[in-house]
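Below: the structure, in structure tokens.
The values are calculated or read from the model by the stated rules, or taken from the named source; none is laboratory data. What you see is a predicted model, and the numbers here were worked out from it, not measured in a lab. Cβ coordinates were reconstructed from backbone atoms using ideal geometry, including for glycine residues, and neighbour counts include every protein chain displayed.
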Amino acid sequence: MTAAIRTQELTKDYPVGFWRTRRYRALDDVSLDVARGEAFGLLGPNGAGKTTTLKLLFQLVFPTAGRAEILGRPAGDIAVKRRIGYLPENPSFYDYLTAEELLSYFAGVFGYQGAERTRRVARLLDTVGIESERRLPLRRYSKGMLQRVGLAQALVNDPEVVVLDEPMSGLDPIGRRQVSDLILGLRTEGRTVFFSSHILTDAERLCSRVAVLARGRLMSTGRIGDTDVFGIRGWELVVANVDPVRLDRFRTEGVSVRPIADDRVAIDLGLETRPEQIASELVAAGASLLAMNPLRDTLEDYFFKTVGRANTDDTADRFDA
């Protein structure tokens with residue numbers, strides 16, 4: 001099956017400087033495949049190349065080398081543009097329009113008219129949580145509310161592929177939950193969602209696969225559950241009513257013991273220790289075993305490892321004469 005989004009050796013250089021212009025490599029030889037119907041996260045710190053990648057997909061900037069495709073067609077293909085939606089990192093709208101007027105305009109651009117146009121606008125504003133404010137001019141909106149309106153305009157044409165640049169930016173906890181539910185709903189409907197983020201917990205919760213960019217280079221790509229990325233590094237036992245003398249013995253043996261609340265503690269064990277043996281010993285001594293959980297590297301752990309590697313590798317300078 002044709003990938004929803006594909007980049008092949010995508011590279012982007014920007015000229016910098018005044019008297020002596022040099023080339024700054026914002027994106028360096030990035031190749032990605034995003035399958036149809038998946039939620040794919042593009043992760044990285046500021047300056048990693050995330051926004052540049054998304055701008056290249058929509059031909060807001062043009063590549064120095066390489067190519068990009070959406071739904072099997074070259075990026076920028078007019079027919080494909082009707083089938084995709086895009087939310088930029090900092091959406092900017094005409095201040096004196098209301099949210100209803102703005103979305104009605106975009107719906108008209110895509111050919112929706114009459115009652116269908118009105119219903120579509122109302123439904124999208126309900127979806128993103130804009131209620132009575134929909135009749136206020138946009139100049140009175142907070143950053144988070146503008147972000148919600150931007151999400152609605154990205155969905156106004158019922159797109160097959162939705163590309164979102166930092167979609168959680170500026171949102172309060174309720175807004176973040178709504179956007180997360182929206183992304184999961186789009187994935188359930190079989191749409192492709194490709195979004196950039198530096199909020200790693202969002203990617204862990206929403207994405208089937210992620211890619212990590214650092215200093216313009218693709219450091220890794222893969223499924224969240226890949227064992228080689230997020231392998232077990234130990235075990236956590238949560239127990240109650242443990243004999244303090246026994247806990248002191250664990251501490252002297254170098255085992256991490258963390259109080260949780262009341263009489264509950266968490267005991268962290270390395271891979272070299274069998275958790276079943278320790279659990280049996282504790283239960284035999286009168287303790288209550290409440291939970292036994294594997295300890296894995298989180299996406300955040302992995303992110304900092306890969307970014308740290310990018311910063312310490314002996315790679316070429318991103319500036320060329």
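Annotations
- Of LEU171, LEU184, LEU164, all but one fail to be within 23 Å of the chain's Cα centre (by Cα), buried (at least 17 other Cβ atoms within 10 Å of the Cβ) and touching a residue at least 60 places away in the same chain (Cβ under 8 Å); the exception is LEU164.
- So LEU289, is it touching a helix residue (DSSP H, G or I) at 6+ places or on another chain (Cβ under 6 Å) and either farther than 30 Å from LYS12 by Cβ or modelled with pLDDT under 80 (or both): yes
- The criterion of at least 3 residues that are β-branched (Val, Ile, Thr) is met by the following helices (runs of 4 or more DSSP H) wholly inside the range 1-111: 50-57.
- Taking the numbered list (1) among the polar types (S, T, N, Q); (2) in contact with an Asp or Glu (Cβ under 9 Å, 6 or more places away or on another chain); (3) part of a loop (DSSP other than H, G, I, E, B) in turn, SER196 passes all entries but (3).
- Single match in VAL149, VAL179, VAL161 (criterion: among the β-branched types (Val, Ile, Thr), modelled with pLDDT of 90 or more and touching a strand residue (DSSP E or B) at 6+ places or on another chain (Cβ under 9 Å)): VAL161
- From the options PRO45, PRO88, PRO63, residue that is touching a helix residue (DSSP H, G or I) at 6+ places or on another chain (Cβ under 7 Å), assigned by TED's automatic domain parsing to the domain that holds CYS207 and closer than 22 Å to SER169 by Cβ: PRO45
- Condition broken by LYS55, with the remaining ones in (1) surrounded by 16 or more Cβ atoms within 10 Å (Cβ to Cβ); (2) in contact (Cβ under 8 Å) with a residue 40 or more places away in the chain; (3) of a type outside the set (Gly, Ala, Ser) satisfied: (2)
- Selected residue [surrounded by fewer than 16 Cβ atoms within 10 Å (Cβ to Cβ) and under 30 Å from ASP33 (Cα atoms)] from THR298, THR192: THR298
- Every residue from the range 24-36 that is under 16 Å from LEU56 (Cβ atoms) and of a type outside the set (S, T, N, Q): TYR24, ARG25, ALA26, LEU27, ASP28, ASP29, VAL30, LEU32, ASP33, VAL34
- Filtered residues of the range 4-37 (kept if within 19 Å of the chain's Cα centre (by Cα), surrounded by fewer than 20 Cβ atoms within 10 Å (Cβ to Cβ) and farther than 14 Å from THR53 by Cβ): ALA35, ARG36, GLY37
- Residue that is nearest to GLY175 (Cα to Cα) [pool: residues in the range 122-139 that are assigned to a helix (DSSP H, G or I) and touching a residue at least 24 places away in the same chain (Cβ under 8 Å)]: THR127
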